[in-house]
1. Report the equivalent ellipsoid semi-axes for segment 80-227 in whole Å, largest first, defined as the square roots of five times the eigenvalues of the gyration tensor built from alpha carbon atoms.
2. Work out Dmax and Rg for the chain from the C-alpha atoms and quote the Rg first, both in angstrom.
3. With each pseudo-label sitting 7 Å past Cα toward Cβ, what's the LYS58-ASN171 distance in nm, one decimal?
4. What are the membrane-span-like helices in the chain by this rule: whole DSSP H runs, Cα extent along the axis at least 24 Å, mean Kyte-Doolittle hydropathy at least -1.0?
5. Within 10 Å, count the other beta carbons around each residue, average over each peptide in 403-414, 212-223, and list them highest first.
6. Could you give the length gained on full extension between ASP469 and THR500, defined as 0.36 nm per residue of separation minus the Cα-Cα distance, in nm?
7. For each of LEU101, LEU364, LEU37, LEU210, count neighbouring Cβ atoms within 10 Å of the residue's Cβ, then give the residues from fewest to most.
8. Post the alpha-carbon centroid distance, segment 442-498 to segment 88-124, in whole angstrom.
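All of the numbers you see were taken from the coordinates with simple rules; none came from a lab. Everything quoted here is computed from the prediction, not taken from an experiment. Backbone-built Cβ (ideal geometry, glycine too); neighbour counts: all protein chains shown.
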Amino acid sequence: MEQGFQKYIPFHPVSLPERQWPNKVIEKAPIWCSVDLRDGNQALVNPMNLEEKLLFFKTLVDIGFKEIEVGFPSASETEYEILRALIDRNLIPDDVTIQVLVQARSHLIQKTFEAISGAKNVIIHFYNSTSTLQRKVVFDTDMQGVIDIAIEGAKLIKELTEQEVAKTGANIRFEYSPESFSGTEMDNAVLICDKVLEVLETTPERKVILNLPNTVEGMMPNQHADQIEYFCRHLKGRACAIISLHPHNDRGTATAATEMGLLAGADRVEGTLFGNGERTGNADIMNLAMNMYTQGVDPGLDFSEINHIKEIYEQCTEMKVHERHPYAGKLVFTAFSGSHQDAINKGVDYMKKHHSKYWQVPYLPIDPADLGRQYEPIIRINSQSGKGGAAFIMQQIFGYQIPKEMHPEFGRLVKAACDKAGREILPKEILEIFENEYLKINKPYNLKTYKIHEENDADNETVVHFEGDLRFENEDHMITGLGNGPVDAFFNALKSVGITDYKFVSYSEHAISEGANSKAVSYIQLEGPKGAISFGVGFDSNISLASIKGIICAINRAQK
Ligand code: KIV
Ligand code: ZN
């Protein structure tokens, strides 16, 4: 019995044993052309209305697109009106070229020329389908029939262009797409494109765009790259053509197909933001551009406010950007795994310490700030998180540089809270845990007042006097002590009331800003009875008192 998969015809790759593209790298950005307002728009449940298209157009201009396919004006009245609004309201910057799509059919071409009248820079993009399958099942014609359609279309476009240029002086360029290029025999694709170049009398100074659509992605990206390299090598008019890619994403590999297509010789890419478009969509230009960016190549497009772009996109298209969408997804700068969190933490520290001019953070291929995104959501803490994660949040968001030795203890406290809540813990909840555990504890010992002063002894050495009012066991106790510094004097004062079990192990402190002021935070590690370790934190505008509070905190916690 035949099985389901046996009804499919495998793709037949073009033969290109001497292929060059695998040895190349992308060193510069291609010419980008957004087809959001046409290919993207035509694939929406609710196509954009005039206001939405104008807003989207402005956003594309702000991102930096210089070529924008604005629609298919001969296909519907709405498309026609939108194009007119762009031209009549003077909304197209002088350095931006609008592109209009039209089938290679005479009445549609005529209508397209009416629609563009008055525009300064225009690409007339005409197409007809050339694929083996469409010739057989849709048009019932041979290759010559398809070539004739393209030639007739090209002749009419050339003639109408000459008239329009004579009338308005517009800068009109041409683009031809053998639709379903990737499903066409390569020699036929080359043949029809060379014929079109001939009719349009193209020159190296006035190149024509040959757009090679992967209309339905039906092969692996390397096989598509072979097609592009084959085409470029065999096209007689290569010097007179700008080779453009137009990948769709049916196999989910449009980004790879585009990148390999560029290696194979293409100069230009048509695609959409976030890969919107027919079926599985077009190539995602944001993804491609940011991939180049992370390889040190300037993409020439600005995605530094990705959240804003995403908002406009979602508003105009009524589509959603997936949470795991490269660069733009809500979760792409979130690390749940403890080892990832730890490595990110170390990467950030490493960069600071070495004043690194390069981005060197494991698990984050790009600095979120380059997309206008925050460090804040990088690490979310749940019960799977490692010991360093909570400390990282405390440092990045709240400025507390909790010492390494304290990470396991604080990590355990946060993990217990996650387990209890049965969900992820937010940064502000982590801060609350920290404050409740370390800053608000004042039992059994509570230092109510204190005085510190310094004197020189007979040998001219500085002696610090500590005097304070320590409340415990429901009574206030006056404590006094001398030492070579405030901490030493305080320890000695504690001894005066019998608190003798604690040894100082380590200490660190730093300043932390609170509004316009800065305060001191101290982290104290003590060794208590039977060698038990206890940590304490002190927070005060006076650095000596911050240390003393840290000691009391550590003792209080040891006695909990
Ligand atoms: O995908 C495609 O083939 C197209 C052409 C009309 C360029 O969108
Ligand atoms: Zn398309």
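1. Equivalent ellipsoid of segment 80-227: 29, 16, 15 Å, largest first.
2. 34.4, 113
3. 2.4 nm
4. 143-168
5. Values: 403-414: 17.2, 212-223: 21.1.
Highest to lowest by the protection proxy: 212-223, 403-414.
6. On the way: separation 31, 0.36 × 31 = 11.16 nm, distance 1.75 nm.
Length gained, ASP469 through THR500: 9.4 nm.
7. On the way: LEU101 25, LEU364 19, LEU37 29, LEU210 32.
If I rank by nearby Cβ atoms, fewest first, I get LEU364, LEU101, LEU37, LEU210.
8. Between the Cα centre of segment 442-498 and that of segment 88-124, the gap is 85 Å.
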